[in-house]
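Report on the following structure.
The values are calculated or read from the model by the stated rules, or taken from the named source; none is laboratory data. None of the values given here were measured: they were computed from a predicted structure. Cβ placement follows ideal geometry from the backbone for every residue including glycine, while neighbour counts extend to all protein chains displayed. The protein model used for the area step is the full one, side chains on, heavy atoms only, and it has no ligands, DNA or RNA in it. Shrake-Rupley method; radii C 1.70, N 1.55, O 1.52, S 1.80 Å.
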Amino acid sequence: MTDRAHDLARRVDAFLQEHVIPLEQDPRIGRHGPSDALRVELQQKAKAAGLLAPHVGVEYGGHGLNHREVAIVFRAAGYSLLGPVALNLMAPDEGNMCLIEKIGSVEQKEAVLRPLAAGDIRTAFLMTEPDGGAGSDPSMMKTTAVQDGNHWVINGAKTFITGADGASHAIIMARTDHGATMFLAPMAAPGISIERVLDTIDRTMPGGHSTLRLENVRVTSDQILGEAHEGFKYAQVRLAPARLTHCMRWWGAARRAHDIATAYACRRHAFGKPLIDHEGVGFMLADNEIDLKQAELTIDWCAGVLDAGGHGSGTAESSLAKVAVSEALFRIADRCVQILGGTGVSDDTPVHQIFRDIRAFRIYDGPSEVHRWSMAKRIKREFLARA
């Protein structure tokens, strides 16, 4: 691990303590996440501290970190649920930045990536669809894009679209003649409408999660992100690192819950001694330590695979990490709620919201069952290749 990553993590720790954690009870955090006013306020402070969007290239204001370095910094940022928002490394913007930086045109990088990395705008990623369309199975995509001269006409519906409400631009996935294509379009384009913002158990992502309608949305060929018909391939380019950065951020949140539960168990007495001296509680904290360390090592291993590149680009490894880490972190959060008792289900600490957000994490970017199914197919395929 590099000195610059550890130095950044220490700076992030100090920044969170001074500027972010004091705002965790701010009334501008609503049912659909922090308001844009709160986001902007926090990101301006992070920019002044030189901590905004550390994952992007230096030319876009970041530090150009590799995946192993990102792991250290993102885990530190996740210690507060507001931390990833403040440092502009929350989903979906973080994944969109990385994708645009990899495959976007010069014009797209200047028009969208630069202001996105600076915190001037937010974006969305329009992939998931209502029942009958793409979800865990992207091949079911119903949204279509039909070429009309130098334009494409997009029709369809999307749902559970994080951050759509208030986003400036969106990456739209649509089925085309020879696969799928990604388009980078303004959310204000005629024909894009938000039907409603869903009420969900997680409340840390600005803009919440929306259902949208796309009706005769016209975009030009210049708005294709990357190459036409390569959308499914690009989705994997985005998803493999994005699954892992989710693991990093929520690891920090689980660590925060564990620290709060530990302090409570050491101070709170019952039946003549501190709670931690009762094996039922002490052993839960010990199991937390085990899960935290195993999750940390899994994250670092997968980050190393992504840094090394090569065949597969870490898709299988990030799938494994997503299952192992999301379920380990949920166990930690669940134990912390139990240790805190009534306090654990109240707003007196952030633990109950950490529990809710980590529970949602077990579903998005592929539920555990789909990842296990994918791994089982790979196991069978490798066995047959050896037989």
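A few remarks follow.
- Only a single item in (1) in contact with a helix residue (DSSP H, G or I) (Cβ under 8 Å, 6 or more places away or on another chain); (2) open to solvent by less than 30 Å² (accessible area, probe 1.4 Å); (3) modelled with pLDDT of 95 or more is not met by P241, and it is number (3).
- A Cβ distance below 7 Å, combined with a sequence gap of six or more or placement on separate chains, defines the contacts here; from region 376-387, residues that are charged (D, E, K, R) reach residues that are part of a helix (DSSP H, G or I) and open to solvent by less than 100 Å² (accessible area, probe 1.4 Å) in the pairs R378/A316.
- Residue match in region 338-357 (condition: among the charged types (D, E, K, R), in a helix (DSSP H, G or I) and closer than 19 Å to R75 by Cα): yes
- When R203 is tested against the conditions (1) farther than 30 Å from P350 by Cα; (2) in contact with a helix residue (DSSP H, G or I) (Cβ under 8 Å, 6 or more places away or on another chain); (3) buried (at least 18 other Cβ atoms within 10 Å of the Cβ), the lone failure is (1).
- Of the residues making up region 18-39, those that are surrounded by fewer than 14 Cβ atoms within 10 Å (Cβ to Cβ) and touching a residue at least 60 places away in the same chain (Cβ under 8 Å) are Q25, G30, R31.
- Within this structure, T343 fails the test of being within 17 Å of C247 (Cα to Cα) and of a type in the set (S, T, Y).
- Annotation: L42 fulfils all but one of (1) part of a helix (DSSP H, G or I); (2) under 25 Å from L239 (Cα atoms); (3) within 19 Å of the chain's Cα centre (by Cα); the unmet one is (2).
- Condition check for V217: open to solvent by less than 30 Å² (accessible area, probe 1.4 Å) and either free of Cβ contacts under 8 Å to residues at least 40 places away in the same chain or over 13 Å from the mean Cα position of the chain (by Cα) (or both): yes
- Residue count for region 228-258, restricted to those that are touching a strand residue (DSSP E or B) at 6+ places or on another chain (Cβ under 6 Å) and either within 29 Å of C336 (Cβ to Cβ) or among the hydroxyl-bearing types (S, T, Y) (or both): 1
- Enumeration of residues in region 44-89 that are open to solvent by less than 20 Å² (accessible area, probe 1.4 Å) and within 15 Å of E18 (Cβ to Cβ): A46, L51, A76, A77, S80, L82, G83, A86, L87
- Restricting region 103-139 to residues that are outside any loop (DSSP other than H, G, I, E, B) and modelled with pLDDT under 95, the residue that is farthest from G208 (Cα to Cα): S139
- Per the conditions (1) within 29 Å of A53 (Cα to Cα); (2) open to solvent by less than 20 Å² (accessible area, probe 1.4 Å); (3) out of contact with any Ser or Thr (no Cβ under 8 Å at 6 or more places or on another chain), the sole criterion not satisfied by A265 is (1).
- Scanning region 128-147 for residues that are polar (S, T, N, Q) and within 19 Å of the chain's Cα centre (by Cα) gives T128, S136.
- For the criterion of being closer than 28 Å to D137 by Cβ and either aromatic (F, W, Y) or open to solvent by 20 Å² or more (accessible area, probe 1.4 Å) (or both), R378 passes.
- Qualifying residues in region 21-74 (those that are of a type in the set (V, I, T) and touching a Gly at 6+ places or on another chain (Cβ under 8 Å)) - the one farthest from A167 (Cα to Cα): V58
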